[in-house]
Amino acid sequence: MKKSNFISLDSLSLQDFDENSELIPLMTPEDEEEINNEKLPETLPILSLRNTVLFPGVVIPITAGRDKSIRLINDANKGSKVIGVVAQKDESVENPTAKEIHEIGTVAKILRVLKMPDGNVTVIIQGKKRFKVAEVLTEDPYMNATVREIPEARPAQKNKEFIAIIESIKDLALNIIKESPNIPSEASFAIKNIESDSFLINFVSSNMNLTVAEKQALLQIDDLKKRALATLKFMNVEFQKLELKNDIQSKVQMDMSQQQREYFLHQQMKTIQEELGGLNHEEEIEEMRMRADQKLWDENVANHFEKELSKIQRMNPQVAEYSIQRNYLELFLDLPWNEFSKDKFDLKRAMKILDRDHFGLEDVKRRIIEYLAVLKLRNDMKSPILCLYGPPGVGKTSLGKSIAEALGREYVRISLGGLRDEAEIRGHRKTYIGAMPGRIIQSLKKAGTSNPVFVLDEIDKLSNSNQGDPSSAMLEVLDPEQNSEFYDNFLEMGYDLSKVMFIATSNSLSTIQPALRDRMEIINVTGYTIEEKVEIGKRHLLPKQLKEHGLTDAHLKIGKAQLEKIVEGYTRESGVRGLEKQIAKMVRYAAKNIAMEEDYHIKVTNEDVIEVLGGPKLERDKYENNNVAGVVTGLAWTSVGGDILFIESILSKGKGTLTITGNLGTVMKESATIAMEYIKSNAEEFGIDSEVFEKYNVHIHVPEGATPKDGPSAGVTMLTSLVSLFTQRKVKKSLAMTGEITLRGKVLPVGGLKEKILAAKRARIKEILLCEENRRDIEEIKQDYLKGLTFHYVTDMSDVIKIALTNQKVVNAKKL
């Protein structure tokens, strides 16, 4: 509600409203009845108002500035002092016509006219009753019109609803006066002293903060009860706004008071610490704040940091929690929030780097180049989670370093071998003494960027303990859909790992949790051929060892023939780690001779190799002229790559028992049993007398019994060995085989073919027998690996026997 009309109307003051004044704004019922009995003139001069509406009984001041309005007021003041007051429809119109004013207005009596120094006229008028403009007679020198009175519909005096509305208006008006700081409390006396119901309604309507259109709408309501209801609605809205405004001001004032209180407390704490001789850490905190201003973090991180910074301000530097909190804030400032290194998308350069550092591994290199190509085209792709899987020593870890250089990113590596505490991944809660962030966050801090190449070495060697399951904690790290909000317990916030390129390495997939394996793209890094090992030794291993031992290529040269001799005679692996050790021995031999000033061959000969490394330790058995029945060469996969496997069978007088030795697993023992039962059920087809099975014991042995062996792929080898034994027929020269069998004699496909083929080539095998379904796997292998090999694809054991066994009996064959 307005301030002015309760106590003073511009030039009017409180004394104008006392009982001795000729201006009495409080209308009594008797006054109202007298006004209602007055006869309305037939014509009235019409005064148009720009920005207000006059209600019956209400006294308001009006400042007239227009010539027509001043002349009208002067003429009326000299005469009857009665005018018609009507509001304009558009206040911007300077000289409104009959169409530009509202039809309904209020008859007013001029109480006083005041001439102002600026030439304007202020007139005090009081509303009498409502009227309607019937016809405008003249517009010059001012508007004159015929008017007719508009009667008001009044409710009965004992109407309870109307009485309740009036009481509500009065109570609400008093509450508004009480809540509003702009309205003097004396205004409540005016409200309490109003006796006329209609005057109360008009008085409140006139003084509310409403627009001209809203006040005009109230004036035009003929039913007094309806006008009272409409007024009450407007008052409720105004009271709610007033309460909300006061509530906001109160909150702001409380916030200011709280800030002032904290400031004084900080100052007191600072003074106390200085008096006690404590450290003044304000400079340190201010330095942290300045570093924070330079960070690229988002609003949530900034707010969290500011909250934690204010916490350390309130701490005494002598307490233990202070150092934890400081370490926490230092970590926040050291982490590379939204800091990324720029990727290099020169694919030809990347290919040169990969070829320079690694010989072979074409599939892996192609996958890396494909990723770079997609990243170059889209530039917003989430980094993949690659898992390089293969035997030790094939270059899985060093591949990560080459990828980082090719991309132009920072390189980070953590070893997960034997890690068994979940907190190593997720960090400790900072409530503990000595709490630290997890290795992931620590490594990112060390890298200085949020998009390094991150090598997770030996992911298959994570182990469980009572401290939790680290492999489960890795699920969030290696899930492209979740790692954008990786939660570290120490950091207590999500950190975006989606731009990090994770490369995991593994020697075995069987020990990786299935859910974790599902989140990674498995890339099989197989072993090297003899030719590849020779090239790797010449290009990488020998120069590396010469440099590490302080020599140059002028001090020692190892030819391809000698390197091949070392590979074949002294290493038995898919990788090149063992080869590097043997080359290191040769380099140390040269270094010793140089240091002792003794003569030696700079260009290594075959005799030098034997002298330094000893006799060849891995001479291959001669299969080509093997005349012993029951001996068959199989192909096996091991954790260090492929290997050849001999299976021997022998008969002895007995009761038909089957004995199996050689440190075999359950699956291999079952394969032997299946092979034996298949032969028994198909003895006639193989030309075997069934009485043999009851008179002779069968012993199957796999040499190298100290090495555990298991798997289904030896099934065809065992069956071939047994058929060769019972028929005393030779096994074909230079032949090796692999495959699983069923009781029906079907041959099933197996895995690890590339490693097995490499093992066959090392052993100078020329023919390999496989399941027909493995043909597609062979077609995917690089043709260089297959040079010099012949493949036989079979579906049934009868086909295996036809290909593997010759019709020639062995010398001195036993008569069964």
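Coordinate-derived values only; no laboratory data. Fair warning: this is a prediction, and the values are worked out from it, not measured in the lab. Cβ coordinates were reconstructed from backbone atoms using ideal geometry, including for glycine residues, and neighbour counts include every protein chain displayed.
What the table shows:
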| quantity | calculated |
| --- | --- |
| Where trypsin sites (Lys or Arg not before Pro) fall in DSSP loop in region 733-804, at most 11 other Cβ within 10 Å | Arg744, Lys787 |
| Qualifying GluC sites (Glu not before Pro) in region 318-379, DSSP loop, other Cβ atoms within 10 Å at most 15 | Glu339 |
| Out-of-range pairs (alpha-carbon distance over 26 Å; input Lys68/Lys225; Lys617/Lys754; Lys99/Lys170; Lys170/Lys245) | Lys68/Lys225; Lys99/Lys170 |
| Phi to ³J(HN,Hα) by Karplus 6.51 cos²θ - 1.76 cosθ + 1.60 over region 597-610, Hz, x for Gly, Pro | 6, 10, 6, 7, 7, 5, 8, 5, 9, 4, 5, 5, 4, 5 |
| Within the chain, helix-based [θ] at 222 nm, where runs of 4 or more DSSP H residues each add -39,500 (n - 2.57), nearest 500 | -13000 deg cm²/dmol |
| The chain - share of DSSP beta bridges that are antiparallel (%, nearest 5) | 55 percent |
| J(HN,Hα) series, region 310-319, from Karplus relation 6.51 cos²θ - 1.76 cosθ + 1.60, nearest Hz, glycine and proline x | 5, 5, 6, 5, 8, 8, 7, x, 7, 7 |
| Among Pro703, Gly687, His540 the positive-end extreme of the charge dipole of the chain (Cβ point charges) | Gly687 |
| Cut-off under 5 Å, modelled amide H: who pairs with Phe502 long-range | Leu386, Phe454 |
| Entries of Lys344/Lys560; Lys592/Lys766; Lys680/Lys709 with Cα pairs more than 31 Å apart | Lys344/Lys560; Lys592/Lys766 |
| Residues whose placed amide H lies under 5 Å from that of Thr659, excluding near-sequence neighbours | Val698, His699, Ile700 |
| Region 473-551: GluC sites (Glu not before Pro) falling in loop per DSSP and having at most 10 other Cβ within 10 Å | Glu481 |
| J(HN,Hα) series, region 527-540, from Karplus relation 6.51 cos²θ - 1.76 cosθ + 1.60, nearest Hz, glycine and proline x | x, 10, 6, 4, 5, 5, 5, 4, 5, 5, x, 6, 7, 10 |
| Packing-based exposure ordering (other Cβ within 10 Å, fewest first) of Ser484, Ser574, Ser92, Ser671 | Ser92, Ser484, Ser671, Ser574 |
| Amide H contacts of Lys129 (H built 1.01 Å from N, under 5 Å, at least 5 apart or other chain) | Val107 |
